[in-house]
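Presented below is the structure to which this report refers.
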C-alpha cells in the first residue's frame, strides 16, 4: 500500500483543477489523472481528519451499532408516516418542481453509483473482498440494464425531461468525484474505501422518505426504493460492508493506524453538500427567474412588437440581463399571470402548455414545471392517483435490439476468446469501469464476470 500523495501535490491540485473538471476527466480518461485524484482525495481527508464520527472505535461494537442504526431508521420512518397521516406536509419536497430540482442536483453522484467499489473488482479471488465485489455487482445490476443503477437513474431523468444537465457548482460534484477517486485508487486507499462504504450503505431513512414523496408527486421512485431494499442491515449492503471491514482488519501490523484510516474514510460521507442542504437550497421564484434569464439571450428579437407589457415590448424586456424578475411582476399586473390559482387561468400558461400552444417546445418539462408550480403557489391541484402508487415494480422494458449494439457485443466475445483466463478477467474489469459499465459492452462484461464468479443475479 503506497503512501498518500505529498502536500505540494494537493496545493497544486487546488490551484489548477476544479472538482467539476476532475470529475469529468476521471470519467473520460481516468488513467491520465490518477495523481490529481490522489491529491484531491488527500485534500478531502485532510479537511475532515479532525472531526468526530459516530462509528465506534471498538470493532467489537460495530454489529450492535449497525443494528441500532437500522432500528433508528425504522422508527424514524414510522414517525414520519404517522405525522403525514395526521396532516403534516411533505418533509422533503414542497412541490413537484422542488423534487425535479433535487433529482438534477444529485445527478453527478447518482450517475457514478457504485464507483467507489470499482477497484475491488480486480480482487475477485480474495475472499476478504468478496462481500464488496457482490455489492459492486449489485450496483451494476449484474449487467442487466433494468437493474443497472446508473441506467435506472438516467432513465428517470430522461422520463422527466431532465436530461440536459444544469450548471452545477463544484460542491455538487464533490461526492461523485470522491467515489471515482476511491474506485480508481482502491489499492492505495483500501481502509478508506472500507470506511466510506460502511457509511454510504447505512440503513437509509432519507431514501425511504424520498421514495414515498416521489411516489406521491407522480414520479417513479424505483431508483430510491431499490436502495432501500438492498442497503438493509440484515442481508444487504450494510451487512456486507460490515463483513468486509471485519475480514480486512489486520491481525499483524499497526491495527490502530488502519482503524484511523477507516474512520477517515467513513467521514468522507459528510464531505460536500448534504441532502438537507440540497433540499433547503431550493427557492422556487429564484429558480424561475434564473431559468428565464438563461433563456433570455435566445429569445431576443424573437417576438413581434404588438404587445406592450409594463411599457416595454417583449423584445425590450429580453434585450438586457437582470430584468426577468421585474418582467414577471409586469405580467402579473397586466393579468397574464394569476398567482395562487389554477395555472390554466393564466394567459401565459396557455401560451406555453399544450400541443397547439404558441410557445410549444420553448420550455422543457422541468422548466414548465417550475412555471406551473410558481404560478399555482398556494393553490392545490386536485389530487390524482400517482401512476406509481400501489406498485413497487420497476419497468422491465428493455431497449429494442440494435444491430450496432449486437455488433459491439459480438466483437467483445471474439476478443475474449483469444485471451488467457486471467487476461480475460482483467479485460472484463476494464469494461466495468464507471465510464463504461452501462454501455452494451460493459453490460455484457458485467454479466460474464458475474457468471465466472458463479454469482446468481
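Any read-out appearing in this document is the output of simple, stated calculations on the displayed coordinates, not a laboratory observation. Remember, it's a predicted structure, so these values are computed and weren't measured experimentally. Glycine gets a Cβ as well: all are built from the backbone with ideal geometry, and neighbour counts include every protein chain shown.
Summary of values
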quantity	calculated
Calculated FRET value between residue 426 and residue 333, using beta carbons and R₀ = 60 Å, to 0.05	0.35
Spacing of the two label points (7 Å from each Cα toward its C-beta) at residue 67 and residue 406, in nm	5.4 nm
Förster radius 45 Å - calculated FRET efficiency between residue 187 and residue 414, Cβ distance, rounded to 0.05	0.90
Degrees between helix 237-248 axis and first principal axis of the chain (Cα, 0 to 90, nearest 10)	30 degrees
Chain lengthening between residue 256 and residue 128 when straightened (0.36 nm per residue, less Cα-Cα)	44.2 nm
Inter-label distance for residue 90 and residue 159, nm, one decimal - labels placed 7 Å from Cα along Cα-to-Cβ	1.6 nm
Fewest-first ranking of 306, 347, using other Cβ atoms within 10 Å as the exposure measure	306, 347
Cα point-scatterer Debye curve for the stretch 284-376, base-10 log of I(q)/I(0) at q = 0.10, 0.11 Å⁻¹	-0.23, -0.28
Modelled FRET efficiency - R0 22 Å, residue 21 with residue 47, Cβ distances, 0.05 increments	0.70
The stretch 84-160 and the stretch 411-430: distance between their alpha carbon centers, rounded to Å	28 Å
Distance in nm between pseudo-label sites at residue 75 and residue 456 (7 Å out along the Cβ direction from Cα)	3.6 nm
Relative contact order, percent, the stretch 284-376 [alpha-carbon distance under 8 Å, six or more residues apart]	25 percent
Ellipsoid equivalent to the chain - semi-axes via the Cα gyration tensor, in Å	43, 25, 24
Rounded, prolate or oblate (a/c below 1.5 giving rounded, otherwise prolate when a/b exceeds b/c) for the stretch 403-452 by Cα gyration tensor	oblate
Length added when fully stretched, residue 171-residue 246, from 0.36 nm per residue minus Cα-Cα	23.8 nm
Degrees between helix 170-184 axis and first principal axis of the chain (Cα, 0 to 90, nearest 10)	20 degrees
Degrees between helix 324-334 axis and first principal axis of the chain (Cα, 0 to 90, nearest 10)	40 degrees
Percent breakdown of C-alpha pair distances by 10 Å bin, ordered from the shortest bin, for the stretch 7-280	6, 28, 36, 23, 6, 0
